[in-house]
Amino acid sequence: LDLGSAKTQGLVGEQPDGYLGVVKSTPDAVALAADINAKRREAYDAIAKKNGATIDQVAALAGQKAIDKAAPGTYVKANGQWVKK
Amino acid sequence: MSQPADHTPATPPPRPPRRWRRLAVLVLTLLLLLALALLAAAWGGRWWLQQQGLQLSGLGWQQGPGIARWQWRQQGCLTAEGSGLRISDWQPLRIELQQLQLFSCPQAAKTRQIPSPPAADLPAFQLHIARLQAAALPPLALAIRQQAGHWQLQARQQQNQLQLDYQRAAGQWHATALLHAASLYPGMLGELQLRGSGRWLPGTLSAKLEADGRQLGYQGQPQRAAARLQLGLDNRQWQLASSLAQPLALPAGWQLQAGHVLQAGGDLDSVHSLQVRLLAHGPQGSVDLQLQPDHQSLQQGSGLLQLAGSTLQGRIPLRWAKRQLTLAPASLRLPQGAVLRWPQALQLPLAVAGSGRLPFRLHYQQLQLNSDDSTLRWGDGSWQWQGALTLAGKHAGYRLDGRWQGQLGPQGARGKPLDLHVQAPQLDIRASLPVDGIRPQQPQLQADIRGHYQDCPLQGKLSARQQGTRWQGDIQASSRLPFYSQGGELQLTANWQGQPGNWQLLPGSRLAIGQGMLGGVLLKPLSLTAGSVLNSDGSVGHGANGSLQLEAAGAVASRWVLPALNGRIQLAGNAANASLQLPAWRSQLQLSARRQGSGAAGSLAIDTPLSAAMSRGLDVTLQQGQLASRLQWRWDKQWQLNGNADISGLALDWGGILASGGKGRLSLAASPAGVQLHSDGPLQLALLDVGTPLQDIRLALRSDLHDWQLSDVQARVLGGSVSAGQLQWPSSAFQPVTVHAIDLAAITALQKNEQPATVQLTGRVGGLLPLQLLPRGVAVQNGLLRNEGELTLRVPPGASVRAMAQSNQAVQLALDMLSELDVNDFQATLNMAASGVLDAQVTLKGVNPKQNRQPVVLNYSHSENILELLRSLRISDDISRSVLQRQSGGGTRNPVTESKP
Amino acid sequence: CTPRVALEVPKEPITINLNVKIDHEIRLKVEKDVDSLTTDSGLF
């Protein structure tokens, strides 16, 4: 299961906190989200250290961008609810 | 050819007569038969023979005439059949017969007359029968000699033998016999000596018979007994008396009591009087049977069967009539407190073969086994029960209901599977147990189980076999944990053994739970394997004893991962404790639990190093540290947790912010209603580097994870110190923070990486900063700082300073004036918005010592985004920060006042 | 930055007004890094 197809199948979606959220909790979706979110956290940590920011500041920024760039028809979380872009 | 005897044979007695009397009759028929055979053979009158019911075949001559096979029928019923008949001598006549078989033909019951003796003047002859078979008798060899009315008969069967001597003229006979008890009943020992004599003349028959049993006993039993039987016959009347001198050993450790066992009397047609008194003792107790026939005939009578003993108790009145035995309604106490009852009288035919309805109730503790449809059939040495059984009641906390229908015999059971319904609080299981093919000697049971425990569906197979008084077998069961949204298949494979009250699961028994989704969390497979024997008395709610090995592969959620976990669980009835490890995090958990009321309670101890691996789900990354937590938990419809946690050597980073040297103890009280957290003694942090280091931070806190009350807050920063008695976060109020002895040089040093400091200040300032601690930021309003003691101000000549000076004269003069200033009055009012933009209005009053103490007033306003300043500082001096890290044991800490951009 | 200076009469205290405003353009750097992360890191 790769990220692209997971998103088109509506299994996962982007969240304001910058991390991938599970829309339909299946073992594959959770495993994929866990893996992607770990890698994202590492990237946010590197950027944060490089810019003196905190991880959650970088993550929030990334979240915003990810939602803006989310493909139509995929899920994004808006004030706590999953909505289709 | 001698003339055949000219009288017709006495019609053979209709009933199978006394053994020795029948032999005599037999001889007569044989002689007649022989004569007819010869006659037929001579004249070929085979047809005539057929009329007499005789078929002959294989006539021949070997040293005398012989018939290979012959049969004799009476009214179509085969009475006798023989083979190998030969006449081997004529003077005196000697007939040899290889094999003779006698059959008993059904006869109309008529009152019997005394049989008449053989004719007096028969010619001398000898008759030898190698193998005589008669109903209910083992095959025996027979030799008869008759000469001038003097009959001599000899019968032999293995070592048993009988001699009879009869003088036809005087009618006197006497006989002796030796009978081995073993041929009466396999396993019996000893022998019976018979002596008899009497008279047998036409119209009179008398006998006096005595039998002495010697060394009677049973294989494997030491006792030996002597017995005596006396029989008197006078024409039609007879009496019988038998008695045992010593107890007679019987199978299965039982023995028959000495004394008068049987007295009886009657005539040829019926028994007039009968007293039976059998008293037997055995391991289970004693059985006392007394029978009294009603006055005249044996046909009916009454009796009493009494069972007595530690585990056997009962009185069963019985009656028999018209060949039917009736057991009156009675109850029988059996071993282990079971009671067998039959509410209605039981009717059984008194016959070697027959069947009877036996409805009964069996009570055992709180269980009751009922059988209304219950028939027992017996015959030719075997028996078979057929009917339906229903079981109901309680045992060891379980409610049992069972049903079975089928047949039961010595070879085992056949019929529908046994259905058993087992219920207990939250447990409902139906077991179906096929009975066909279960061998009674060592029963092998296999049951299919279906049902549920709480709301887990349950189905599987249970096998069981008996090993002496214990049972053993294995269980395969599968279920699904309902609270898993997906997966969560449960497999139990276990070997068990035991007996009621003490059941054991053998080591290696295993419970495996497959991977599945629990809420949003992917729970990887886990298993519990019995490390030792698990003992339980099997009753509900009593728990088990023994040790289990837990292997869990961990759990995965979208933001965090729990690594593999394993360890040992020790079960002790209603209590258990476990010591578990998470190798990946080198964490140790000690968990204890005990049943308490309708819930449970226990302790939880966590000892773990803090590491980056644990921080995946956190916004901070734990670098180092040690957590030791001691908690008590309770669960009774809802959970409750309280205890404390000791953290030491904590180092973490929050992105660019580093903290290290964290130490402190937190007390925690948590329940679904909320969490109460308070520090126990000061929480300390050696270093928090937010761009500029805050050091030796100490505070006490109280929180419900939403509102945080900080108290006795103090820290060293910028060469001075910051402290606050009480701080509430989040709060819109402006809470005073006192600042003391802040080194102005340190403040100006903050600029070093932006551009060379335009102004150099030395000396200490302090004051009050009203802080607004917002959910997502910090603000300062009307902060006031004053000089503490003398300050000095320098504007050092530098490239940028020279550049400004040349730009215009006034600037030149000012810079000259400010080149050096001794300041005695410094006042700064500070305002910072949540965005981090600081607006500082500073008024310095001082004199320039180089310009003959020219008094100067500097109004300096400074506007800068402090948060971005600090963030830029966090970037620029990475190198120095890493140096700093090594000095103070490294790491970063949790920030207090960082705001979001 | 652009400092501004004013002049007063000697012996009377000379009053100098100095206004400093410092800007940091730290924010853009972070956004650039995050942008490149969300486009070509394969994690979005």
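Between B and C, buried accessible area from a 1.4 angstrom probe totals roughly 2300 Å², ignoring ligands, DNA and RNA. Residues in region B:503-516 carry Karplus couplings, in order, of 9, 10, 9, 7, x, x, 4, 9, 10, 10, 10, x, 5, x Hz; the curve used is 6.51 cos²θ - 1.76 cosθ + 1.60 with θ = phi - 60°, and Gly or Pro positions show x.
Output the antiparallel fraction of DSSP beta bridges having both residues in the protein assembly as shown, as a percent to the nearest 5.
Once the DSSP bridges in the protein assembly as shown are tallied, antiparallel ones form about 95 percent.
Mind checking which of A:Lys50, A:Lys65, A:Lys24 has the largest fluctuation in a GNM of chain A, springs on alpha carbons under 10 Å? Sorting by GNM fluctuation, first place goes to A:Lys50. Note on B:Lys850: aspartates and glutamates with a C-alpha under 13 Å away, same-chain residues under 8 apart excluded, are B:Asp816, B:Glu820, B:Asp822. Accessible surface computed residue by residue for the protein assembly as shown, with neighbouring protein chains in place and a 1.4 Å probe, gives 50 Å² per residue. With an a/c value of 1.5 or above and a/b larger than b/c for the gyration tensor axes a ≥ b ≥ c computed over the alpha-carbon atoms, chain B is described as prolate.
For the residue pairs A:Lys69/C:Lys32; A:Lys65/B:Lys524; A:Lys7/C:Lys29, the C-alpha atoms sit more than 24 angstrom apart in A:Lys65/B:Lys524; A:Lys7/C:Lys29. For the set B:Thr738, B:Thr529, C:Thr39, solvent exposure ranked by accessible area (probe 1.4 Å, protein chains only) runs largest to smallest as C:Thr39, B:Thr738, B:Thr529.
Applying both filters, DSSP loop and at most 13 other Cβ atoms within 10 Å, to the chymotrypsin sites (Phe, Trp or Tyr not before Pro) of region B:130-204 eliminates every site.
When only the Cβ of Lys, Arg, Asp and Glu is charged (+1, +1, -1, -1), the dipole of chain B relative to its Cα centre reaches about 4200 debye.
Model label points for B:Tyr453 and B:Ala252, set 7 angstrom from Cα along the Cα-to-Cβ axis, are 3.9 nm apart.
Rounded to the nearest Hz, the phi-derived 3J(HN,Hα) couplings of region B:555-564 under the Karplus curve 6.51 cos²θ - 1.76 cosθ + 1.60 (θ = phi - 60°) are 8, 10, 10, 4, 10, 9, 10, 9, x, 4, where x marks glycine and proline. Rounded to the nearest 100, the interface formed by chains B and A buries 2000 square angstrom of accessible surface, both chains summed, with a 1.4 Å probe. For the protein assembly as shown, the fraction of 1.4 Å probe accessible surface lying on carbon and sulfur atoms is 57 percent. Simple spin-label estimate for A:Ser5 and B:His740 gives 6.7 nm between the two label positions (7 Å along the Cα-to-Cβ direction from each Cα).
Rounded to whole Å, give me the distance from the Cα center of region B:636-711 to that of region B:454-483. Using only Cα atoms, the two centres lie 49 Å from each other. Helices of chain B meeting both criteria, an alpha-carbon length of 18 angstrom or more along the long axis and an average Kyte-Doolittle score not below -0.5, with helices taken as full DSSP H segments, are B:19-43. Between the listed residues B:Asn859, B:Ala613, B:Phe483, the Cα displaced farthest toward the positive end of the dipole of chain B, a dipole computed from Cβ unit charges relative to the Cα centre, is found at B:Phe483. Seen against the Cα atoms of chain A and their longest principal axis, helix A:55-69 is set at about 40 degrees. Checking the a/c ratio against 1.5 first, then a/b against b/c, what shape does the Cα gyration tensor give for region B:212-338? The shape class here is oblate. Amide H contacts of B:Gly538: B:Trp503, each under 5 Å away and 5 or more positions distant or on a separate chain (H built 1.01 Å from N in the peptide plane; Pro and chain starts excluded). Specify the inter-centroid distance of region B:115-159 and region B:264-282, based on alpha-carbon positions, in whole Å. The distance from the Cα centre of region B:115-159 to that of region B:264-282 comes to 31 Å.
Taking amide H as placed 1.01 Å from N in the peptide plane, B:Leu122 has its amide H under 5 Å from the amide H of B:Gly149, each at least 5 places away in sequence or on another chain.
Using the Cβ-Cβ distance between B:Gln411 and B:Arg465 with R0 set to 22 Å, the FRET efficiency from 1/(1 + (r/R0)^6) comes to roughly 0.80. Per-residue Karplus couplings for region B:858-864, computed as 6.51 cos²θ - 1.76 cosθ + 1.60 with θ equal to phi - 60°, are listed in order as 10, 9, 10, 10, 10, 10, 7 Hz, Gly and Pro entered as x. Positive-end ranking of A:Ala29, A:Ala66, A:Gly4 along the dipole of chain A, with charges on Cβ about the Cα centre, is headed by A:Ala66.
Remark: accessible area buried at the A-C interface is about 1300 Å², both chains counted, probe radius 1.4 Å. Shown for region B:841-859: residues covered by the partner protein chains by 10 Å² or more of accessible area relative to the chain by itself (probe radius 1.4 Å), namely B:Asn852, B:Gln854, B:Pro855, B:Val856, B:Val857, B:Leu858, B:Asn859. Within straight cross-link reach of B:Lys322, meaning Cα distance under 23 Å, which lysines are found once same-chain residues fewer than 8 apart are removed? Answer for B:Lys322, where 23 Å is the Cα cut-off: B:Lys110, listed by chain and number. Residues whose amide H comes within less than 5 Å of that of A:Thr74, counting only those at least five positions distant or on another chain, are A:Lys85 (H built at 1.01 Å from N in the peptide plane). Report the Cα centroid-to-centroid distance between region B:578-613 and region A:7-72 in angstrom, as an integer. Cα centres, region B:578-613 to region A:7-72: 32 Å.
The values are calculated or read from the model by the stated rules, or taken from the named source; none is laboratory data. These figures come from a predicted structure and were not determined experimentally. Because the Cβ atoms are built from the backbone with ideal geometry, glycine has one as well, and the counts that use them run over all protein chains shown. Side chains are part of the model used for accessible areas, which takes the heavy atoms of the whole protein and leaves out ligands, DNA and RNA. Shrake-Rupley method; radii C 1.70, N 1.55, O 1.52, S 1.80 Å.
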